[in-house]
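Asks: One structure follows; several queries about it will come next.
The values are calculated or read from the model by the stated rules, or taken from the named source; none is laboratory data. In this text the structure is predicted, and so the values were computed from the model without any measurement. Here Cβ is always computed from backbone atoms with ideal geometry, including for glycine, and neighbour counts include all displayed protein chains.
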Amino acid sequence: MSSHIKEFKVLGDDRGQLVALEGNIDIPFSIKRVFYIYGTQDGVLRGNHAHYKANQFLIVINGSCKITLDDGLKKETFLLDKPNLGLCQPPMIWGTMHAFSSDCVLLVLADDIYKEEDYIRDYDTFLEVIKK
Ligand code: TYD
């Protein structure tokens, strides 16, 4: 699953750093929604769900957190601690976010608008659905 991590080009100069992300170029889908999570403390677990269809790209633009991806057979945990790292969470992959630094700002790019019916929030249901 290591291929889920992508390192973005940093367009830095003596004024500071800039990362530019274009849909279907740097991010492998058209971006339809952006949301971000902040003010989450260490010890808190977020996410804990999979999507039936939605693709997401997760980028920690400040601070750090860990994200565990689980395909139902194996789990892999990624440390996101640089603003030029992105983690792809495709459909039907269970994702949990944890080990948030208090200054963590986690940006999520998604290829669809928010649809609660696209969520699988129960892990046993997730395992049943991927078996089919
Ligand atoms: P939730 O899915 O619990 O967040 P996380 O998976 O990061 O722990 O979402 C928190 C609340 O925000 C919940 O009421 C649903 C709502 N929400 C939206 O309205 N739009 C969105 O795009 C997202 C991601 C969540």
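Asks: Which condition number does Ser30 fail, the rest of (1) part of a loop (DSSP other than H, G, I, E, B); (2) closer than 21 Å to Val10 by Cβ; (3) not aliphatic (A, V, I, L, M) being met?
Replies: Going through (1) part of a loop (DSSP other than H, G, I, E, B); (2) closer than 21 Å to Val10 by Cβ; (3) not aliphatic (A, V, I, L, M) one by one, Ser30 breaks only (2).
Asks: Next up: So Leu45 fits all but one of (1) under 21 Å from Leu79 (Cβ atoms); (2) in contact with a Cys (Cβ under 9 Å, 6 or more places away or on another chain); what number is the exception?
Replies: Of the numbered conditions (1) under 21 Å from Leu79 (Cβ atoms); (2) in contact with a Cys (Cβ under 9 Å, 6 or more places away or on another chain), the odd one out for Leu45 is (2).
Asks: Being of a type in the set (Lys, Arg) and within 15 Å of the chain's Cα centre (by Cα), is that true of even one residue in region 5-13? Spell out how you get there, then give the answer.
Replies: Quick first cut of region 5-13, residues of a type in the set (Lys, Arg) only: 6, 9.
Those still in the list that are within 15 Å of the chain's Cα centre (by Cα) too: 6.
Yes.
Asks: Right, here's the next one. Can you name every residue in region 6-36 that is among the acidic types (Asp, Glu) and exposed (fewer than 14 other Cβ atoms within 10 Å of the Cβ)? I'd like the intermediate steps shown before the answer.
Replies: Within region 6-36, the first condition is being among the acidic types (Asp, Glu), and the residues that meet it are 7, 13-14, 22, 26.
Matches in region 6-36: Glu7, Asp13, Asp14, Glu22.
Asks: Give the residues of region 76-99 that are closer than 20 Å to Pro28 by Cβ, among the aliphatic types (A, V, I, L, M) and either modelled with pLDDT under 95 or buried (at least 17 other Cβ atoms within 10 Å of the Cβ) (or both), sorted by residue number.
Replies: Residues satisfying the conditions are Leu80, Leu85, Leu87, Ile93.
Asks: Right, here's the next one. Those residues that are part of a strand (DSSP E or B), out of contact with any helix residue (DSSP H, G or I) (no Cβ under 9 Å at 6 or more places or on another chain) and surrounded by 15 or more Cβ atoms within 10 Å (Cβ to Cβ), I need them from region 37-66; list them, please.
Replies: First, pick out the residues of region 37-66 that are part of a strand (DSSP E or B): 37-38, 46-51, 56-62, 65-66.
Narrowing further to those that are out of contact with any helix residue (DSSP H, G or I) (no Cβ under 9 Å at 6 or more places or on another chain): 37-38, 46-47, 56-62, 65-66.
Selection gives Ile37, Arg46, Gly47, Gln56, Phe57, Leu58, Ile59, Val60, Ile61, Cys65, Lys66.
Asks: Ok, one more. Mind checking whether some residue in region 32-41 is farther than 24 Å from Asp118 by Cβ and within 14 Å of the ligand (Cβ to nearest atom)? It would help to see each step written out before you state the result.
Replies: Filtering region 32-41 down to residues farther than 24 Å from Asp118 by Cβ leaves 39, 41.
Applying the additional criterion that residues be within 14 Å of the ligand (Cβ to nearest atom) yields 39, 41.
Looking through region 32-41, at least one residue is farther than 24 Å from Asp118 by Cβ and within 14 Å of the ligand (Cβ to nearest atom).
Asks: Got a number for residues in region 102-111 being surrounded by fewer than 16 Cβ atoms within 10 Å (Cβ to Cβ) and either farther than 22 Å from Cys65 by Cβ or touching a strand residue (DSSP E or B) at 6+ places or on another chain (Cβ under 7 Å) (or both)?
Replies: 1
Asks: I'm trying to understand the selection: among the residues of region 93-132, which are within 14 Å of the ligand (Cβ to nearest atom) and part of a loop (DSSP other than H, G, I, E, B)?
Replies: Matches in region 93-132: Ile93, Phe100, Cys104, Asp111, Asp112, Ile113, Tyr114, Lys115, Arg121, Asp122.
Asks: Among the candidates Lys75, Lys9, single out the residue that is more than 14 Å from the ligand (Cβ to nearest atom), more than 23 Å from Tyr114 (Cα to Cα), out of contact with any Asp or Glu (no Cβ under 7 Å at 6 or more places or on another chain) and touching a residue at least 24 places away in the same chain (Cβ under 8 Å).
Replies: Details: Lys75 fails: touching a residue at least 24 places away in the same chain (Cβ under 8 Å).
Answer to the selection: Lys9.
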